[in-house]
Amino acid sequence: MASPATLSDIVTAFLDVVHDRLMHDRRGDVADYIPELAAVDPDLFGIALCGLNGRVYESGDTDHAFTIQSVSKPFVYSLALDDIGMDAVHQRVGAEPSGEAFNSVKLEPSTGRPPNPMVNAGAIVTTALVAGETAADRFDRIRNRLGAFAGRELDMDIAVYESEQESGDRNRALAYLMRSAGSLIASVDETLDVYFRQCSLLVTSRDLAVMAATLANGGVNPITGVRVTSSETCQHVMTIMATCGMYDYAGEWLLRAGLPAKSGVAGGLVAASPGEFGLGLYSPRLDHSGSSVRSVAAAQRLAKRFGLHILHRPLTLSAAEVASATDELEQGLGATQDAAAAQLLQDNADSLAVWRLRGYIDFDGAERLLLDIDAWLDERPGDADEPAAIVLDLTEVTQLQSVAVWMLAALATWCGERGLRVAAIDPQGRSLGVAGLSHAADFDAAIQETEFSAD
Ligand code: GLN
């Protein structure tokens, strides 16, 4: 693998590794219930990751547009929740994993409710619960909501919409059944028209990553900065995704990937890592539950490698902080004993930099560090002859999540390949497990480690 051009490219390089490994997996079949889906190139494969500061990392066919299909369901559910509230929504649709296929006809015997908003029956009900004077208003509001999550206006694939209408008898049957059971109150034809349109909206895996990142970011789109929904709604949506998003594979998915996710029959998959990032994946061949084989495998690899399972959380959390010590010193935060360090940093601002990391460092904290160091390296004068030295002050780190351990180790390798020197200050001498990063007891020792010699 070629060494990444910039530090933040190490994330892309990792996505490339996963992409290349799974590229040869040709298991599964593309959906063929409509001609438009059957005609797709089955080898397309895109992986995108959007961090909470809006940086998107991409590997493969991340610009290829496909229909969102069932991946629309959690986002439409968010709109229904915001429009009429959780209690009113769940009067008409349950919140239990069905253990059945996405198009199952099973309704709750006592109430007539569909099991949850992620299977077709439940999604048809949530679509009907979205506020709007007419079906056209409702669809406009749905399109705008999904667009706000993606950070751009979404177009509809007319041919797919028409085919969905033509082949949609099972969904129509579900809707009639729910009308007779009292869980669907609106008109069957109008509701299905909106539902088929919503399924036919065109997205890329990059869009899906941004949509998932907006959920992971508590409802604020990390690229546009627009608040799309409340953090409470995001929590409800991600709960239902975690328990029901992968249909009859939901339990095993949660066990193996541990992330709220939703798949669609065109091959798209969103997965959100709360407080960290969003993933958008696409590959058209599907498994028996109707989810993309490669997307599922890629998300599981990322989740495992990055230690992302939502139940894998330290018992005590403190917010991550990543700050350049030079900035802190400039703001007058340096203690007296830092005076010599401050002087050294000021005199050698182009070749020596210190970052202080505090609290629980996860993907988001480690990513901020990489982006900060990239920016600092970018600003260095091209003719600087002194190899740069970077000190990471880990004194106040309470925990490094496994993804952060991996990212810091990759940082150390990347710097080593370029003759840049990195050392960590860690007076407690804890083994934080970062390969290739030398540890020093204090600032002076760390400077010595980097073999930095002041002018
Ligand atoms: N349009 C499809 C349907 O309603 C969506 C299903 C899916 O993506 N699982 O049948």
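Tally the residues that are outside any loop (DSSP other than H, G, I, E, B), away from the ligand (no atom under 12 Å from the Cβ) and out of contact with any helix residue (DSSP H, G or I) (no Cβ under 7 Å at 6 or more places or on another chain), restricting the search to the range 44-74.
0
Could you look through the range 159-179, keep only residues that are in contact (Cβ under 8 Å) with a residue 12 or more places away in the chain, closer than 13 Å to V125 by Cα and not hydrophobic (A, V, I, L, M, F, W, C), and pick out the one that is farthest from the ligand (Cβ to nearest atom)?
That would be Y176.
Could you check, for the range 372-386, whether at least one of its residues is buried (at least 18 other Cβ atoms within 10 Å of the Cβ) and touching a residue at least 60 places away in the same chain (Cβ under 8 Å)?
Looking for residues that are buried (at least 18 other Cβ atoms within 10 Å of the Cβ) and touching a residue at least 60 places away in the same chain (Cβ under 8 Å), one finds at least one in the range 372-386, hence yes.
Is it the case that T191 is touching a residue at least 24 places away in the same chain (Cβ under 8 Å) and more than 14 Å from the ligand (Cβ to nearest atom)?
no
Can you list residue pairs whose Cβ atoms sit under 8 Å apart, with the first residue in the range 283-298 being among the acidic types (D, E) and the second being within 14 Å of the ligand (Cβ to nearest atom) and assigned to a helix (DSSP H, G or I)? Count only pairs 6 or more apart in sequence or on different chains.
Pairs that qualify, where the first residue is among the acidic types (D, E) and the partner is within 14 Å of the ligand (Cβ to nearest atom) and assigned to a helix (DSSP H, G or I), are D287/Y249; D287/V296.
Would you confirm, using the coordinates I've provided, whether S78 is under 28 Å from N171 (Cα atoms), out of contact with any helix residue (DSSP H, G or I) (no Cβ under 6 Å at 6 or more places or on another chain), modelled with pLDDT of 95 or more and assigned to a helix (DSSP H, G or I)?
Taking the combined requirement at face value, the residue does not satisfy it.
With respect to the numbered conditions (1) more than 16 Å from the ligand (Cβ to nearest atom); (2) not in a loop (DSSP other than H, G, I, E, B), which one is the sole condition not fulfilled by P4?
(2)
For the range 385-426, name all the residues that are part of a loop (DSSP other than H, G, I, E, B) and either out of contact with any Ser or Thr (no Cβ under 6 Å at 6 or more places or on another chain) or within 19 Å of S8 (Cβ to Cβ) (or both).
D385, P387, A388, Q401, R418, G419, L420, D426 - these are the residues of the range 385-426 that are part of a loop (DSSP other than H, G, I, E, B) and either out of contact with any Ser or Thr (no Cβ under 6 Å at 6 or more places or on another chain) or within 19 Å of S8 (Cβ to Cβ) (or both).
The values are calculated or read from the model by the stated rules, or taken from the named source; none is laboratory data. The shown structure was predicted, so the numbers you read here are calculated from the model rather than taken from an experiment. Counting neighbours? That spans all protein chains shown, and the Cβs are built from the backbone with ideal geometry, glycine included.
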